[in-house]
Amino acid sequence: MALFGLTRTVNPEPLLRGEGLYLRPATPGDFSSWTRLRAASRAFLEPWEPTWPDDDLTQAAFRRRLRRQDEDIARDEAYAFLIFDQTSDELLGGITLGGIRRGVSQSGTLGYWMGAPHAGKRRMTRAVAATVEFAFSKLRLHRVEAACIPDNAPSIALLERNSFQREGYAREYLKIDGAWRDHILFALVESDVRARLTASKFAQA
């Protein structure tokens, strides 16, 4: 995966590119496509997400989302991106590297969603790979974490395709769709990525 134009301060906006897609922070002009895709995907997404606020799809809520996004980036606390098809510029979903911890931790937590029409096509696999590269090569993180509800088999497979390792089981870890749900804990550390790249080079030799 190739990344272009990324900086720690995100001025100008960070832009990530993966195979057949690109990622960037949301802008006011994304409201219509974002709200259409989220509305059309609501039944598909709600079982895996926190309960949606009543005004979640309104323009006012979207403006608040943008303000929080910009503040999080400026403080180096979270980096939220929308995912677009590289050819058509169609919105596909979103991904966030949040909970950035510096000091002795140098880690962050990955979260993502894909619009229902675009699920199951391995596009999120490529978006996660691009975000992981951003985390390690540009943000200089050491560790990226993720968590999945145990019966979310597609999400588990997605993380494993990106070399995330299972590390544990957390009871009632997050409140999802109105209920505290157990989660499987995953993580990827920088040395995992180096080992994968080394193995790939030997396989191609």
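The values are calculated or read from the model by the stated rules, or taken from the named source; none is laboratory data. Worth saying up front: this structure is predicted, and the values here are computed from it rather than measured. For neighbour counting, all protein chains shown are included, and Cβ atoms are generated from backbone atoms with ideal geometry for every residue, glycine included. Each accessible area value is taken on the protein alone, full model and side chains, heavy atoms only, with ligands, DNA and RNA left out. Shrake-Rupley method; radii C 1.70, N 1.55, O 1.52, S 1.80 Å.
Annotations for the structure displayed:
- Per residue solvent-accessible surface (Å²) - segment 82-134, probe of 1.4 Å: 39
- Computed from backbone phi with θ = phi - 60° and the Karplus coefficients 6.51, -1.76 and 1.60, the 3J(HN,Hα) list for segment 89-105 is 6, 6, 5, 10, x, x, 8, 10, 9, x, x, 5, 10, 9, x, 7, 8 Hz; x is used for glycine and proline.
- Using all pairs of distinct alpha-carbon atoms, the Kirkwood hydrodynamic radius of segment 7-96 works out to 14.0 angstrom.
- Solvent-accessible ranking of Arg171, Arg36, Arg67, largest area first, probe 1.4 Å: Arg171, Arg36, Arg67
- Net charge of neighbours whose Cβ lies under 15 Å from the Cβ of Tyr173, counting Lys and Arg as +1 and Asp and Glu as -1: -3
- Space enclosed by the convex hull of the alpha-carbon atoms of segment 55-172, per residue, Å³: 146
- Share of pairwise Cα separations in the chain, more than 24 Å, in percent: 41
- DSSP H segments from the chain that extend 18 Å or more along their own axis, Cα-based, with Kyte-Doolittle mean of -1.0 or above: 190-204
- Nonpolar atom fraction for the chain, defined as the carbon and sulfur part of the 1.4 Å probe accessible area, stands at 52 percent.
- Helical runs assigned H by DSSP (4 residues or longer) give the chain a calculated mean residue ellipticity at 222 nm of -9500 deg cm²/dmol, each run adding -39500 (n - 2.57) before division by the residue total.
- Legend: calculated FRET efficiency, Trp180 to Arg42, from the Cβ-Cβ distance at R0 = 25 Å, rounded to 0.05, equals 0.70.
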